[in-house]
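One structure below.
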Amino acid sequence: MAGVVLQNVTKKYGDVTAVSNFSIEIADGEFFTLLGPSGCGKTTLLRCVAGFIHVMDGKIFIGDRLVSSGDQKHFVPPEKRSLGMVFQSYAVWPHMTVFGNVAYPLKIKRLSDRDVRARVREVLRLLKLEDYEKRYPHELSGGQQQRVALGRALIMDPEVLLLDEPLSNLDAKLREEMRFELKELQNRIGVTIVYVTHDQSEAMVMSKRIAVMNEGRARQVGTPHEIYNNPGDEFVAAFIGKSNFISGEVVDIKNGACFVRIGGSVVEIESRVSPGKKNITIMVRHHNVELSKKKLPGSIPARVKIATYLGDRFIYGIRAEGTALMAQTDAGRHFKEGENIYIRLRNPLIF
């Protein structure tokens, strides 16, 4: 197996910069995710690693091997990079059986039939497809087709596995199951995975580290815990997790406490504010908006506009001091639409 290193990688399409001066070191055996909205450059970056796109500047290493270099004009073709890739559309051949799809890369290498059969059956067992080798793709579920694509990528023992939104075509339940299957597979075989997705849940569940991307750059790189609990800026805070953003005005700071005016209320905020900063944005997660029928210290008057039951919890649309907020409680606590309540903001972050 091998790690992946990108040094100051840049890729432009005409006047549009898809990837800008991007640098990252992905460790051998790491599950690393490029996360961001459509058009942020994550798939372009993955294709640069794969060798499908030439970088304009910077360098890409797989293990100790330089495979792309914009300034030195060094380029190793995709088939010689020891990579496996799974596309969003799976790209399995409809006229081939499961066995034929997975065996195809070995056939190209002209391995003996005996070696091909032994290796394919080993991979099919790994992916729980041993009973499906004679079926065609149209006879498989979406999840099974995705496993076939994985098997074809793994059959050559790649040093790095590249996955470009491989779960996006699955229904919600199957997508959730496949997240854990992919992570379990990676734990078993130890291959380095570079994963592309716009789905924050996928990134949080599976990744050791995440690069949150926007406009061709990494806005923040860290573990799921670091990015969720300590977002580096407003973009990351808005993209990761479910958050409210509230405008406030600092009216006083004394004895380490910060007092902020939100609408007609002045409340103490448990977060540090830079000296001299007056107008701030308060970020608070939906589950950190505390709801109460009684006025509590530091609370703000609010009104429940919408209440939605989701089985294990309630989700609320709330209006507080002219600001629309979202909040949630567990199923045991219920507030009615139209009810006047009070809210407190727990664990806020200031931007």
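Please give the FRET efficiency for Asp15 paired with His286, using the beta carbon to beta carbon distance and R0 = 56 Å, rounded to the nearest 0.05.
E between Asp15 and His286, to the nearest 0.05, is 0.90.
Hey, how many Å between the Cα centroid of segment 288-320 and the Cα centroid of segment 73-139?
Between the Cα centres of segment 288-320 and segment 73-139 lies a distance of 52 Å.
Gain in length, Glu215 to Arg110, computed as 0.36 nm per residue apart minus the alpha-carbon separation, to one decimal in nm?
So the extension gain works out to 33.5 nm.
What dipole magnitude, in Debye to the nearest 20, does the chain give about its Cα centre under +1 on Lys/Arg Cβ and -1 on Asp/Glu Cβ?
260
Determine the gain in length on full extension of the stretch Tyr136-Ser23; use 0.36 nm per residue of separation and subtract their C-alpha separation, reporting nm with one decimal.
Here the segment from Tyr136 to Ser23 would lengthen by 36.5 nm.
Per-residue HN-Hα couplings for segment 59-68, Karplus 6.51 cos²θ - 1.76 cosθ + 1.60 at θ = phi - 60°, whole Hz, x for Gly and Pro?
For segment 59-68, the Karplus curve yields 9, 10, 10, 10, x, 8, 8, 6, 10, 9 Hz.
At 10 °C and 1.306 mPa s, grab the translational diffusion coefficient of segment 63-169 from Stokes-Einstein with a Kirkwood Rh over Cα pairs, rounded to a whole number in µm² per second.
108
If you add up the charges near His74, with Lys and Arg at +1 and Asp and Glu at -1, over every other residue whose beta carbon is less than 12 angstrom from its beta carbon, what do you get?
Local net charge: +2.
Residue farthest toward the positive end of the dipole of the chain, with Cβ of Lys/Arg at +1 and Asp/Glu at -1: which of Gln200, Leu163, Gly311?
Gly311
Just to be sure I understand: if I project the alpha-carbon convex hull of the chain onto a plane and average over all orientations, what area do I get in nm²?
22.5
Along the Cα→Cβ direction, 7 angstrom out, place labels at Tyr309 and Asn169. What is the inter-label distance in nm?
A separation of 3.8 nm, rounded to one decimal place.
Under 16 Å Cα to Cα from Lys208, which lysines show up? Leave out anything in the same chain fewer than 8 places away.
Those lysines meeting the cut-off are Lys183.
Return, for the Cα atoms of segment 1-133, the radius of gyration and Dmax in Å, separated by a comma.
So, for segment 1-133, Rg and Dmax equal 17.6, 52 Å respectively.
Measure out, as a whole number of angstrom, how far apart the alpha-carbon centroids of segment 321-337 and segment 192-252 sit.
Cα centroid of segment 321-337 versus Cα centroid of segment 192-252: 24 Å apart.
Grab the beta carbon distance between Leu296 and Val205, set R0 = 35 Å, and tell me the FRET efficiency rounded to 0.05.
Between Leu296 and Val205 the formula returns 0.50.
Relative to 2.2 N^0.38 Å, what does the C-alpha radius of gyration of segment 243-350 come to as a ratio? Two decimals please.
Here the Cα radius of gyration is 1.08 times the empirical estimate.
Summing -39500 (n - 2.57) over the DSSP H runs of n ≥ 4 in the chain and dividing by its residue number, what mean residue ellipticity at 222 nm do you reach, to the nearest 500 deg cm²/dmol?
Counting only the DSSP helices, I get -7000 deg cm²/dmol.
All of the numbers you see were taken from the coordinates with simple rules; none came from a lab. Being a predicted model, the structure only gives us computed values, none of them experimental. A quick note on method: Cβ atoms are made from the backbone with ideal geometry, for glycine too, and the neighbour counts reach across all protein chains shown.
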